[in-house]
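One structure is given below, encoded as structure tokens.
Read-outs throughout are calculated quantities, based only on the coordinates presented, and are distinct from any laboratory measurement. Keep in mind that what you see is a predicted model, and the values were worked out from it rather than measured. Please note: Cβ atoms are built from the backbone with ideal geometry, for glycine as well, and neighbour counts cover all protein chains shown.
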Amino acid sequence: DSGVTQTPKHLITATGQRVTLRCSPRSGDLSVYWYQQSLDQGLQFLIQYYNGEERAKGNILERFSAQQFPDLHSELNLSSLELGDSALYFCASSRGLGDTQYFGPGTRLTVL
Amino acid sequence: AQSVSQHNHHVILSEAASLELGCNYSYGGTVNLFWYVQYPGQHLQLLLKYFSGDPLVKGIKGFEAEFIKSKFSFNLRKPSVQWSDTAEYFCAVNNDYKLSFGAGTTVTVRA
């Protein structure tokens, strides 16, 4: 157990819908990262927050957004969902910028 | 853009055999290097990491990796694998605070 928690574990929804994925970092970690894992794209970095502020953006679609709250938990919002958004979404956290990242158990999103 | 290459897509071996997984990265600056393992149905777990110092790093479960700067490589090794090492292995490079992952190598250990 890495200490990073993610909810929900599984999510099944329909195309066009909007979902919110939640992540709580390890105690003391200020940085939160979101990654998408799919069979065709592999593991892709989406976005990073540090102490409430966005620090880096990767291959994140405009339909996706995220935020980190004052208590340091983070949410990833996915809207206008498409079939191709079906994937595992991992959250990771680290103590500071550039430190080792520890991963949560992931949320498996299925878009039907 | 930085990229990470893992040479083998799928490796099949018998218990007690030695394992070596190749990883090369394209970035020429200062990098931090990692190997993560993902057991079936589970999340990514850190096996080992290299930030600086001794280029031969030891991780958990008997794994080690060698950083060769001149070859831009960070190969993972284990002298004697067990059935429980069946998993997917990912090499990753940390640059600009985010991780770039290789495509992963699936390792199947036959009893």
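Which residue fluctuates most in the GNM of chain B (Cα springs below 10 Å): B:Tyr36, B:Tyr50, B:Tyr27? Evaluated over chain B, the most mobile residue of the options is B:Tyr27. Computing FRET efficiency as 1/(1 + (r/R0)^6) for A:Thr5 and B:Ser18, where r is the C-beta to C-beta distance and R0 is 35 Å, gives about 0.45. A Gaussian network model of chain B, with springs between Cα atoms under 10 Å, assigns the largest mean-square fluctuation among B:Phe63, B:Phe51, B:Phe90 to B:Phe51. For the range A:1-106, the dipole from Cβ point charges (+1 on Lys and Arg, -1 on Asp and Glu) about the Cα centre works out to 80 debye, to the nearest 20.
Normalising the average separation of contacting C-alpha pairs (under 8 angstrom, six or more residues apart) by the number of residues puts the relative contact order of chain A at 37 percent.
Put a plus charge on the Cβ of each Lys and Arg, a minus charge on the Cβ of each Asp and Glu, and nothing anywhere else: the dipole of chain B about its Cα centre is then about 80 debye.
For chain B, a Gaussian network of Cα nodes joined below 10 Å ranks B:Lys49, B:Lys69, B:Lys58 by mean-square fluctuation, and the top entry is B:Lys69.
With K and R counted +1 and D and E -1, the other residues having a Cβ less than 13 Å from that of B:Tyr50 yield a net charge of 0. Each of A:Val19, B:Val4 was scored by other Cβ atoms within 10 Å of its Cβ. Listed from fewest to most, they are A:Val19, B:Val4.
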